[in-house]
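Step one of this worksheet: look at the structure below.
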Amino acid sequence: MIANEKPTSHQQSDHTTGEMSLGAHEEHSVNCVGGGRRDALALATTTLIVVFVGAIVVLSIPYAVLSAPLPSSVDRLGLSIEAIQNLFFGRPWYLLVPSALFALWMGYAVYRWGLRSSFATSDETTSEKKVE
Amino acid sequence: MLSQKERQVIQGYFYSAVFWLLVPGLAGLLMALLLFSPSFQEVIPPSFRGLLNFGRLRPMHVNTLIFGWLSMAYAGAMLYITRRLTGVSLFSPQLARITLWLWNFLIVAAATTLLMGMNQGREYAEMIWPLDMLFLVLMALLGVNIWGTILRRREPKLYVSIWNFMAATMILIPVYAIGNKIWDTTGTYVGMSDNIINYFYVHNLFNAWFTTGGLGLAFYLLPRLTDKPLYSHGLAMWGLWSVWTGQHHQLWGPAPDWLEILTVVFSVLAIVPTTAFMWNFYKTMEGRWLRVGQDVALRFFTVGAIFWGFTCIQGVAQSLRTFSLYVHFSNWVVSHSHLAFVGDYSLWAFALVYLVVPDLLGRPLYSRRLAEWHFWLTLGGLTIFMTSLWLAGLIQGQHWLAGGIRFLETTRVIHPYFAWRLMGGLLIWVGQVVFAYNIWRTAFQRAPSRKS
């Protein structure tokens, strides 16, 4: 099955393969490729590169946000308070509706797919039901 | 079990995609060389200088990459995955074959006309009007095949990938038609009005086609490559229904203030589909991280997924006016685009090709070692390329905001970074040549079929 919550007969055939097989001309020389140490090195190097790229992405954002000289009409995030207030037909409290919905969703998502599934046993969470 | 006709036509999409990957790569390499050393123009024979200047290479590079390589790989993937997950044969393999030939004709015509200077002058919408119409026909034909297959399915419940493909094939048509102003042959909309429509199109091409279709690919690859069911189908569906958010190209322009603010609000809402996917990815990967070192297809996919998260972080940040003020028009944005198109969606497409092509052929990949070379050349080159452009972009932003620094002085300061960009681009392109060779040998080697 391809998803825990939507088991289907046809999808089961797609949940069969994991590792990519060796190349056709390499099948008789397994020692030339793979191997535990090389796999560990590949994982470590990939992790280092991804962390490096992520560090640049994440660190450069506050650097740029804090160092940009802004016009006096906007705040540090670059948003005009007045424009936000006027966005919903000049009634600032209208903004509460989408904001509240957004906050509710985030709260529900953290509870449903974060906290509940982390602390509950596997039998208690829908997402971990084994349906074959 | 796919029929021989289905196998052949889907293979055709992947082989065409791999071929079209090499063309924009070469054009990009030439552009990087021209940026680093403009005098290289003198080396080009005079009769080709008109065709091979930066202004003509750039739209050709973009259009062949996104509509040739990536979109054809997507189309092949959609046909393959839809066929597998619905349990019925394709609506029409013959229609898929006609679509394939027309699609290749479109890319040949686009590359030729753009190099000849026939260009509408609007970003990502450079193709001339007849080719716009052809693209819409192609998308309609692809949509008929995808929807026709789904409507005849034996499988009562639809997996999230199928939902993604249904949405992507349906929504791209109006997005493309509106964004390319197919009704406007006289250029009525100009200036800021045109710009608003143009960037409605640019970002929704990204959201409605590359992200929606790409996540469909990702949700198929994740359980297959990890040998484990998807963590939560419900969470994945939340991601689908909130995916069309984010639009941040109008900031600091003469667009209405309410529109700018609205784009910021919607861009921040992109947190919902981003966290929905990343959490599903993280939880499904639990207990499978060690496989990333062993399986190069899973490694492509994993790095692509994490880079997709980075792309979304950048996208939200770029929607904030402060950050946009700093990086807009700089090389940072160029790097952001490459992170998205190469670092995310292309890496997923590579994983898919490595998984699906051997499956369609019924024999293993020609060489895993070459696939490893492909991975390291691509990731190494991309890291060098993106880092150099991010740093160059931050320097540009700093200089421009400081004021009083001459443009040429800024260009002189960032010139070394263009050398790194060229080197990174060269590594990426060599990686794609290795990839194409590996796929070509897999497809045409005379090895005995595994199934026979």
key: Every residue from the stretch B:185-243 that is modelled with pLDDT of 85 or more, over 24 Å from B:Tyr354 (Cα atoms) and not in a helix (DSSP H, G or I)   = B:Ser232
message = I need a count of the residues in the stretch B:319-330 that are more than 12 Å from B:Trp400 (Cβ to Cβ) and not aromatic (Phe, Trp, Tyr).
response = 5
Per-region count, the stretch B:318-330, residues open to solvent by less than 20 Å² (accessible area, probe 1.4 Å) and over 12 Å from B:Thr263 (Cα atoms) = 6
request  = Could you check the stretch B:35-134 for helices (runs of 4 or more DSSP H) lying wholly inside it with 1 or more residues that are surrounded by 16 or more Cβ atoms within 10 Å (Cβ to Cβ) and of a type in the set (A, V, I, L, M, F, W, C)?
outcome  = B:54-63, B:71-86, B:93-115
inquiry  = Restricting to the stretch B:346-395, name every residue that is surrounded by 24 or more Cβ atoms within 10 Å (Cβ to Cβ) and more than 26 Å from B:Ala75 (Cβ to Cβ).
reply    = B:Arg368, B:Phe385, B:Met386, B:Leu389, B:Trp390, B:Ala392, B:Gly393
request  = Go through (1) part of a helix (DSSP H, G or I); (2) within 8 Å of chain A (Cβ to nearest Cβ) one by one and return the number of the condition B:Gly309 breaks.
outcome  = (2)
Hits in the stretch B:144-203 (condition: closer than 20 Å to B:Leu215 by Cβ and open to solvent by 70 Å² or more (accessible area, probe 1.4 Å)) = B:Trp147, B:Lys157, B:Trp163, B:Met170
request  = Name, by its number, the condition in (1) part of a helix (DSSP H, G or I); (2) within 14 Å of B:His249 (Cα to Cα) that does not hold for B:Phe329.
outcome  = (1)
message = Suppose we filter the stretch B:396-418 for residues that are in a helix (DSSP H, G or I) and open to solvent by 40 Å² or more (accessible area, probe 1.4 Å); how many remain?
response = 13
task = Considering only the stretch B:345-355, state which residues are under 12 Å from B:Ile81 (Cβ atoms) and within 11 Å of chain A (Cβ to nearest Cβ).
result = B:Leu355
Test for B:Tyr366: is it in contact with a Gly (Cβ under 6 Å, 6 or more places away or on another chain), at the interface with chain A (Cβ under 9 Å from one of its Cβ atoms) and not in a helix (DSSP H, G or I) = yes
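One line per residue, one yes/no per condition, for (1) at pLDDT 90 or above; (2) hydrophobic (A, V, I, L, M, F, W, C); (3) under 30 Å from B:Leu394 (Cα atoms):
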position: B:Phe266; (1), (2), (3): no, yes, yes
position: B:Ile271; (1), (2), (3): no, yes, yes
position: B:Ala297; (1), (2), (3): yes, yes, no
position: B:Ser346; (1), (2), (3): yes, no, yes
position: B:Phe350; (1), (2), (3): yes, yes, no
query = Just checking, which of B:Val265, B:Val296, B:Val292, B:Val272 is among the hydrophobic types (A, V, I, L, M, F, W, C), in contact (Cβ under 8 Å) with a residue 12 or more places away in the chain, surrounded by fewer than 23 Cβ atoms within 10 Å (Cβ to Cβ) and at the interface with chain A (Cβ under 8 Å from one of its Cβ atoms)?
reply = B:Val272
request  = Inspect the stretch B:251-262 for any residue being at pLDDT below 80, assigned to a loop (DSSP other than H, G, I, E, B), open to solvent by 50 Å² or more (accessible area, probe 1.4 Å) and among the aromatic types (Phe, Trp, Tyr) and give the result as yes or no.
outcome  = yes
request  = Looking only at the stretch B:17-26, decide whether some residue is touching a residue at least 40 places away in the same chain (Cβ under 8 Å), surrounded by 22 or more Cβ atoms within 10 Å (Cβ to Cβ) and over 30 Å from B:Gly362 (Cβ atoms).
outcome  = yes
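The values are calculated or read from the model by the stated rules, or taken from the named source; none is laboratory data. Everything numeric in this text was worked out from a predicted model, so none of it was measured. With ideal geometry, Cβ positions are generated from the backbone for all residues, glycine too; neighbour counts draw on all protein chains shown. Just the protein is used for accessible areas: all its heavy atoms, side chains included, with ligands, DNA and RNA removed. Shrake-Rupley method; radii C 1.70, N 1.55, O 1.52, S 1.80 Å.
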